[in-house]
Each structure stands twice: as structure tokens, then as C-alpha cells.
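Participant: My questions will all concern the structure given below.
The values are calculated or read from the model by the stated rules, or taken from the named source; none is laboratory data. What you see is a predicted model; the values in this text were computed from it and never measured. For neighbour counting, all protein chains shown are included, and Cβ atoms are generated from backbone atoms with ideal geometry for every residue, glycine included.
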Amino acid sequence: MQSSKINDKRQRIELEFPMHCSANTLFNYISSPSGLSSWFADDVSVQGNTYIFRWDDGEMLEGELVKSLNRKHIKFRWVDGPNANETLEFIIHKDEVTDDLALIVADYAEEANYDEFEMVWESQVQALKNQIGA
């Protein structure tokens, strides 16, 4: 896990998860509304460059797509809610020597909540792996 400070309380954290699937399949699950709604949020819709993420508990966040690079990197900037102006990134990393594929998730968390943060992302990515069959 890597971190860098954004302010006194919340830091950018990167988590890396090994994946056993093709990069194209993984990219579809991290970039399309149907893919994201199968593992990340309960419902995802798109209006222009804005992705609207909804969860069954009533939470809703809007994320502006600020980067989609070479079918390997997706970056959203939260435009509302308590995390406004923070980003969520999904980066597909392929080791050039071993061909191993990994998903790097870069998100923000408070230092006191790192353990919970990690558990939530491990659960989310496990749901993604179950959807992909990886």
C-alpha cells in the first residue's frame, strides 16, 4: 500500500490486486456503466462525461471522467458529496516480464480508517473477480 497526503486527514492510497483475466475484459468492467454496476455500485449511469454511481442504501456520487488512457487507466473526480475534488483511479498494470496482470485502485481514506478501507476494497475487488470469473 502506498500513500500520499492530500490534507491532514485524508490520504491517497494505492492497493494492488492480482487479476487472472484479459486486460480488455478488465477494462470493460472498470470503465462501462454495466461493468461498474456489476461489482462497484448498484447502479451506474452516464450523462456526458459524468458517471452517476448509486447504491441501494441511498448513497449517490457523481464522478467526472477525467482520464481514460489506452484502455489501461480510468480516473474519476468526485464532483459532489463529502469527497468532492478527490479522485478514484483504476489502473491496469501488466508486468512485461511475467505477463501477470494487476488492478491498482487509487482512492482516498482517513489514516484512522486504513484497515476498513482495505477490507472494503478487497471485498469490492473480490466481487469483480467473481463477475469476471478470475
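Participant: Do any residues in the stretch 10-31 that are under 20 Å from L65 (Cα atoms) have Cβ atoms under 9 Å from those of residues that are of a type in the set (A, V, I, L, M) and in a loop (DSSP other than H, G, I, E, B), where the two are at least six apart or on different chains, and which pairs are they?
Facilitator: Taking only residues 6 or more apart or on different chains, the pairs are R12/I6; I13/M1; E14/M1; T25/A134; L26/A134.
Participant: Given the conditions (1) in contact (Cβ under 8 Å) with a residue 40 or more places away in the chain; (2) in contact with a helix residue (DSSP H, G or I) (Cβ under 6 Å, 6 or more places away or on another chain), report the number of the one that V46 does not fulfil.
Facilitator: V46 satisfies every listed condition except (1).
Participant: Taking the options G63, G58, name whichever one is at pLDDT below 95 and surrounded by 15 or more Cβ atoms within 10 Å (Cβ to Cβ). Step through it out loud before you land on a result.
Facilitator: Details: G58 fails: surrounded by 15 or more Cβ atoms within 10 Å (Cβ to Cβ).
The unique qualifying residue is G63.
Participant: Could you tell me whether R77 is under 15 Å from the mean Cα position of the chain (by Cα) and at positive phi? Show your work before the answer.
Facilitator: Working: under 15 Å from the mean Cα position of the chain (by Cα): yes; at positive phi: no.
Judged against the criteria, R77 is not a match.
Participant: Scanning for something modelled with pLDDT of 95 or more, of a type outside the set (A, V, I, L, M) and out of contact with any His (no Cβ under 8 Å at 6 or more places or on another chain), does the stretch 90-103 turn up at least one residue?
Facilitator: The answer is yes; a qualifying residue exists.
Participant: Restricting to the stretch 95-113, what's the tally of residues that are out of contact with any Lys or Arg (no Cβ under 9 Å at 6 or more places or on another chain) and closer than 17 Å to R71 by Cα? Quick ask: steps written out before the conclusion?
Facilitator: To start, the set of residues in the stretch 95-113 that are out of contact with any Lys or Arg (no Cβ under 9 Å at 6 or more places or on another chain) comprises 95-99, 103-105, 113.
Then keep just the ones that are closer than 17 Å to R71 by Cα; that gives 95-96, 99, 103-105.
Residues in the stretch 95-113 being out of contact with any Lys or Arg (no Cβ under 9 Å at 6 or more places or on another chain) and closer than 17 Å to R71 by Cα: 6 in total.
Participant: How about the stretch 32-46: which of its residues are of a type outside the set (A, V, I, L, M, F, W, C) and not in a loop (DSSP other than H, G, I, E, B)?
Facilitator: To start, the set of residues in the stretch 32-46 that are of a type outside the set (A, V, I, L, M, F, W, C) comprises 32-35, 37-38, 42-43, 45.
Within the stretch 32-46, P33, S34, G35, S37, D43, S45 qualify.
Participant: Looking at the stretch 2-24, which of its residues are touching a helix residue (DSSP H, G or I) at 6+ places or on another chain (Cβ under 9 Å) and either modelled with pLDDT of 95 or more or at positive phi (or both)?
Facilitator: L15, F17, M19
Participant: In the set E96, E89, E116, E122, which member is within 12 Å of the chain's Cα centre (by Cα) and loosely packed, with under 14 Cβ neighbours inside 10 Å? If you could, list the steps in order and put the result at the bottom.
Facilitator: Values: E96 fails: within 12 Å of the chain's Cα centre (by Cα); E89 fails: loosely packed, with under 14 Cβ neighbours inside 10 Å; E116 fails: within 12 Å of the chain's Cα centre (by Cα).
Answer to the check: E122.
Participant: Name the strands (runs of 3 or more DSSP E) wholly within the stretch 47-134 that hold at least 2 residues that are farther than 19 Å from L26 by Cα? It would help to see each step written out before you state the result.
Facilitator: Numbers: elements: 50-54, 60-69, 73-78, 87-94, 101-110.
Those strands (runs of 3 or more DSSP E) span 50-54, 60-69, 73-78, 101-110.
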